[in-house]
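Participant: Just dropping this structure here.
The values are calculated or read from the model by the stated rules, or taken from the named source; none is laboratory data. Keep in mind the model is a prediction, meaning the values are calculated, not measured. Positions of Cβ are backbone-derived with ideal geometry, glycine not excepted, and every protein chain shown enters the neighbour counts.
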Amino acid sequence: MKLRIGCFALSLLAATEALAAAKITKESFGHGGTTRAYYLYVPESVTSASPAPLVVLLHGSGRNGQTLVQPWKEFADKHGMILAGPDAIVPAGWNMGPDGPDFINSLVDIVSAQHPVDPRRVYLFGHSAGAVHALVLGLLESQYFAAVAVHAGALPPELYPYIARAARKIPLAIWVGTDDAFFPLPAVRATRDALTAEKMDIKLVEMAGHTHDYYGRARYINQQAWDFLKPKALDADPVFTKYAVYK
């Protein structure tokens, strides 16, 4: 009986430690003279013996990083990826100044210094406002991010010139609902056409009857997005480009 109780206690302790190790944690770092927050999830399967892909998750308007890390968590457990969901400096949306490439680069550097990140497999995923931001970041830093997947996003026409500036034909994918009131199909298709005109590697998936609601279809969208991202990797070590001014 004592042996059984001892074994049970050890099993319970191991299970408790596993749960503790698998929590989403809120972290922070200094950037641009202010403290910036992000949510981090590192599965137990990630070890220094095998560098893991990192998915940077960019939330929609009015939300925070945790709202994207949470629905991606089961895929991180299954596929062994690290998740980092930063908060925009203003919850209403992303700003290319304080939230631009320098900020995301600092975030990636901090996570990579603490965990075994594969530098050739750093990805972006964004929803809504975060989707627009992810697309722009991917074009600006096409030699730094391996690929970008987004739900419900498009490039404003005034940002089309960014496409020609991309140093690499970075793989991009957009999932959008045919009934999305915030990102109508004509706007998303125009983004696809603008990218295609510059021979960019773009995939567009139109979800019949789907609206702007990411959370109601998160499992499907995340699985499709990861299937797209997973095989993509940089051919060489990442190159980060610093810009003096973002226009």
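Participant: Being within 16 Å of ALA134 (Cβ to Cβ) and surrounded by fewer than 19 Cβ atoms within 10 Å (Cβ to Cβ) is the filter here, so list the residues in segment 193-211 that pass it.
Facilitator: Within segment 193-211, ASP201, LYS203, LEU204, VAL205 meet the criteria.
Participant: Would you confirm whether any residue within segment 156-163 is modelled with pLDDT of 95 or more, closer than 23 Å to ARG63 by Cβ and surrounded by fewer than 24 Cβ atoms within 10 Å (Cβ to Cβ)?
Facilitator: Among the residues of segment 156-163, at least one is modelled with pLDDT of 95 or more, closer than 23 Å to ARG63 by Cβ and surrounded by fewer than 24 Cβ atoms within 10 Å (Cβ to Cβ), which makes the answer yes.
Participant: Then there's this: Considering only segment 227-242, I want to know if a residue exists there that is touching a strand residue (DSSP E or B) at 6+ places or on another chain (Cβ under 8 Å) and of a type in the set (Val, Ile, Thr).
Facilitator: no
Participant: I need every pair where a residue in segment 223-240 that is closer than 24 Å to PRO71 by Cβ has its Cβ under 9 Å from the Cβ of a residue that is in a loop (DSSP other than H, G, I, E, B) and of a type outside the set (A, V, I, L, M), sequence separation at least 6 or different chains.
Facilitator: PHE228/PRO171; LEU229/PRO171; LYS232/PRO171
Participant: To continue, here is another question. Out of curiosity, is GLU141 surrounded by 23 or more Cβ atoms within 10 Å (Cβ to Cβ), within 24 Å of TYR243 (Cα to Cα) and among the acidic types (Asp, Glu)? Talk me through it step by step, then tell me what you get.
Facilitator: Working: surrounded by 23 or more Cβ atoms within 10 Å (Cβ to Cβ): yes; within 24 Å of TYR243 (Cα to Cα): yes; among the acidic types (Asp, Glu): yes.
In short, yes.
Participant: Considering segment 24-59 alone, what residues qualify as being of a type outside the set (A, V, I, L, M) and under 12 Å from ASP87 (Cβ atoms)? Break it down into steps so the answer makes sense when it comes.
Facilitator: Restricting attention to segment 24-59, the residues satisfying the condition of being of a type outside the set (A, V, I, L, M) are 25-36, 38-39, 41, 43-45, 47-48, 50-51, 53, 59.
Hits for segment 24-59 are LYS26, GLU27, SER28, PHE29, HIS31, THR34, THR35, ARG36, TYR38, TYR39, HIS59.
Here's the yes/no breakdown for (1) surrounded by fewer than 21 Cβ atoms within 10 Å (Cβ to Cβ); (2) at pLDDT below 95; (3) of a type in the set (A, V, I, L, M):
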| position | (1), (2), (3) |
| --- | --- |
| SER128 | no, no, no |
| LEU135 | no, no, yes |
| ALA146 | no, no, yes |
| ALA187 | yes, no, yes |
| ALA190 | yes, no, yes |
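Participant: Next question. Pick from segment 68-102 the residues that are within 21 Å of PHE29 (Cα to Cα) and touching a residue at least 60 places away in the same chain (Cβ under 8 Å): which of them is surrounded by the most Cβ atoms within 10 Å (Cβ to Cβ)?
Facilitator: LEU68
Matching residues to (1) out of contact with any helix residue (DSSP H, G or I) (no Cβ under 8 Å at 6 or more places or on another chain); (2) among the β-branched types (Val, Ile, Thr); (3) modelled with pLDDT under 95; (4) under 21 Å from LEU137 (Cα atoms):
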{"residue": "VAL55", "(1), (2), (3), (4)": "no, yes, no, yes"}
{"residue": "PRO71", "(1), (2), (3), (4)": "no, no, no, no"}
{"residue": "ALA76", "(1), (2), (3), (4)": "yes, no, no, no"}
{"residue": "LEU83", "(1), (2), (3), (4)": "no, no, no, yes"}
{"residue": "GLY100", "(1), (2), (3), (4)": "no, no, no, yes"}
{"residue": "VAL111", "(1), (2), (3), (4)": "yes, yes, no, yes"}
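Participant: Now for a separate question. In segment 171-206, what count of residues is obtained for those that are touching a residue at least 40 places away in the same chain (Cβ under 8 Å) and under 14 Å from ALA225 (Cβ atoms)?
Facilitator: 4
Participant: I'm checking my understanding of the structure. Among residues of segment 103-149 that are free of Cβ contacts under 8 Å to residues at least 40 places away in the same chain and among the β-branched types (Val, Ile, Thr), which one is farthest from ASP87 (Cα to Cα)?
Facilitator: In this case the residue turns out to be VAL148.
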